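Worksheet: the structure to be examined is printed underneath.
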Amino acid sequence: MEEEKYISGYKSSNFQKVGQKKIGGSGYGIYATNKRIFLVKISVIDSLKDSAKGALLDTLVLSNLSTAMSGKVVRAEAIEDLEDKKDIEILKEDISEIELKKPSALGFRGGFLKIRTKDGEPLQITIPTMIEFKKV
């Protein structure tokens, strides 16, 4: 069986799940492995943390980013942290379609990431700015 490998991830207090009310500085992190996509809810406190200190998840995941980008397995603790902190997890084999739409250049219309599962349930995360879109 193939080992699970971290691919990439990004979090923003501007990412919101469609149909969910935004609370203060809360948002989402979108993280991908070769087997799953994780959505991790960011609390108001997490969004206020100093970036130099970072959250434990970021410390574990981002400290291994160069390793992950080289295709090597990220420490198991990083993926375990994603599992512990996840709000939503979607297995690769359960995904039927992924749509990524750019926000408008003038910012009148936000972009989005839409993931449709094989059971037909769509999950949509708003991506309001081009800066964030390019990082996803």
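Residues in region 118-136 that are in a strand (DSSP E or B) and either touching a His at 6+ places or on another chain (Cβ under 6 Å) or without any contact (Cβ under 8 Å) to a residue 60 or more places away in the chain (or both): how many?
Result for region 118-136: 1.
For the subset of region 58-110 comprising residues that are in contact with a Leu (Cβ under 6 Å, 6 or more places away or on another chain), of a type outside the set (A, V, I, L, M, F, W, C) and surrounded by fewer than 17 Cβ atoms within 10 Å (Cβ to Cβ), which member is modelled with the highest pLDDT?
Taking the candidates together, the pick is ASP87.
Limited to region 77-117, what total is found for residues that are touching a Gly at 6+ places or on another chain (Cβ under 9 Å), free of Cβ contacts under 8 Å to residues at least 12 places away in the same chain and either of a type in the set (Asp, Glu) or closer than 16 Å to ASN34 by Cα (or both)?
0
The values are calculated or read from the model by the stated rules, or taken from the named source; none is laboratory data. No experiment lies behind these values; they were computed from the predicted model shown. Cβ atoms come from the backbone with ideal geometry, glycine included; neighbour counts cover every protein chain shown.
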